[in-house]
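J.: Sharing a structure below in structure tokens format, with a few things to ask.
The values are calculated or read from the model by the stated rules, or taken from the named source; none is laboratory data. Only a predicted model underlies this, so the values are computations on that prediction, with no experimental measurement involved. Don't worry about glycine lacking a Cβ; one is built from the backbone with ideal geometry, like all the others, and counts go over all protein chains shown.
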Amino acid sequence: KAGVTQTPRYLIKTRGQQVTLSCSPISGHRSVSWYQQTPGQGLQFLFEYFSETQRNKGNFPGRFSGRQFSNSRSEMNVSTLELGDSALYLCASSSGRLVTYNEQFFGPGTRLTVL
Amino acid sequence: AQSVTQPDIHITVSEGASLELRCNYSYGATPYLFWYVQSPGQGLQLLLKYFSGDTLVQGIKGFEAEFKRSQSSFNLRKPSVHWSDAAEYFCAVGAGNTGNQFYFGTGTSLTVIP
């Protein structure tokens, strides 16, 4: 089974631009979660999508948004980029079943640099 | 509010020595606890998890962790470290209505010296 894939792996943008990151979950998984990883803050939860609906949301400004398509692929968008948005963005997929816990599998991440 | 603290930002151990990485959590209910490892340029790999039951859990690569409710801790241990264990280690607690909302510690960077 193929793992979680994220594209692109590296991005360089300038302040004020917007960016879209993509995540393809493991086949059969319906939940995709996004995390921001920075040296100072560690990993912080952005949001989770399941069946094209946002199911959980972290404490990030509205500039961070996402969506999920019918094939479970997910995109994350950041508008009006700021220098502080430079980070590794990780996505994780899981089955998403409504049970106590679903094991999450992480992708390699997209490294975003904002200049 | 949920939170995870990893007090040690960086640890250096000699190859063959024992290892303990500390993790303290704050969570209102029974926690679901995890340890992940991240090698440079790689995503996160699950080492082990705790849901309930036996408080000593075994994971991959010879790692184990012990859940201590009274201390709100979930420390990771390994009896003998190998050079390939050098990496970043993250402790996490699962929350949210499906447990998919993870709160991570800031990580502990492990260096292994020959």
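J.: What is the number of the single condition among (1) buried (at least 22 other Cβ atoms within 10 Å of the Cβ); (2) of a type in the set (Gly, Ala, Ser); (3) within 11 Å of chain B (Cβ to nearest Cβ); (4) touching a Lys or Arg at 6+ places or on another chain (Cβ under 9 Å) that A:SER74 does not meet?
T.: Failed condition: (3).
J.: Being farther than 27 Å from A:GLY40 by Cα and under 11 Å from the mean Cα position of the chain (by Cα) is the requirement here; does B:GLY59 meet it?
T.: Details: farther than 27 Å from A:GLY40 by Cα: yes; under 11 Å from the mean Cα position of the chain (by Cα): yes.
For B:GLY59, the condition - farther than 27 Å from A:GLY40 by Cα and under 11 Å from the mean Cα position of the chain (by Cα) - is met.
J.: Follow-up. Please specify each residue of the stretch A:7-27 satisfying the condition of being under 22 Å from A:ARG73 (Cβ atoms) and part of a loop (DSSP other than H, G, I, E, B).
T.: Within the stretch A:7-27, A:PRO8, A:ARG9, A:GLN18, A:PRO25, A:ILE26, A:SER27 qualify.
J.: Can I ask one more? Given the structure, is B:THR55 away from chain A (no Cβ under 12 Å) and of a type in the set (Val, Ile, Thr)? Lay out the reasoning, then the answer.
T.: On the way: away from chain A (no Cβ under 12 Å): yes; of a type in the set (Val, Ile, Thr): yes.
Here the answer is yes, as B:THR55 does meet what is asked.
J.: Here's something else I'd like to know. Could you identify the single residue in A:SER33, A:SER95 that is within 29 Å of B:THR5 (Cα to Cα), surrounded by 14 or more Cβ atoms within 10 Å (Cβ to Cβ) and out of contact with any strand residue (DSSP E or B) (no Cβ under 6 Å at 6 or more places or on another chain)?
T.: Answer to the check: A:SER95.
J.: Do you know which residues across the stretch B:28-49 are under 13 Å from the mean Cα position of the chain (by Cα) and modelled with pLDDT under 90?
T.: We begin by selecting, within the stretch B:28-49, every residue under 13 Å from the mean Cα position of the chain (by Cα); these are B:32-38, B:44-49.
Across the stretch B:28-49, the qualifying residue is only B:TYR32.
J.: Next question. Suppose we keep only residues that are farther than 15 Å from B:PHE74 by Cα, in contact (Cβ under 8 Å) with a residue 12 or more places away in the chain and among the small types (Gly, Ala, Ser) within the stretch B:2-44. Which one would you say is farthest from the other protein chains (Cβ to nearest Cβ)?
T.: So, considering only residues that are farther than 15 Å from B:PHE74 by Cα, in contact (Cβ under 8 Å) with a residue 12 or more places away in the chain and among the small types (Gly, Ala, Ser), the one farthest from the other protein chains (Cβ to nearest Cβ) is B:GLY16.
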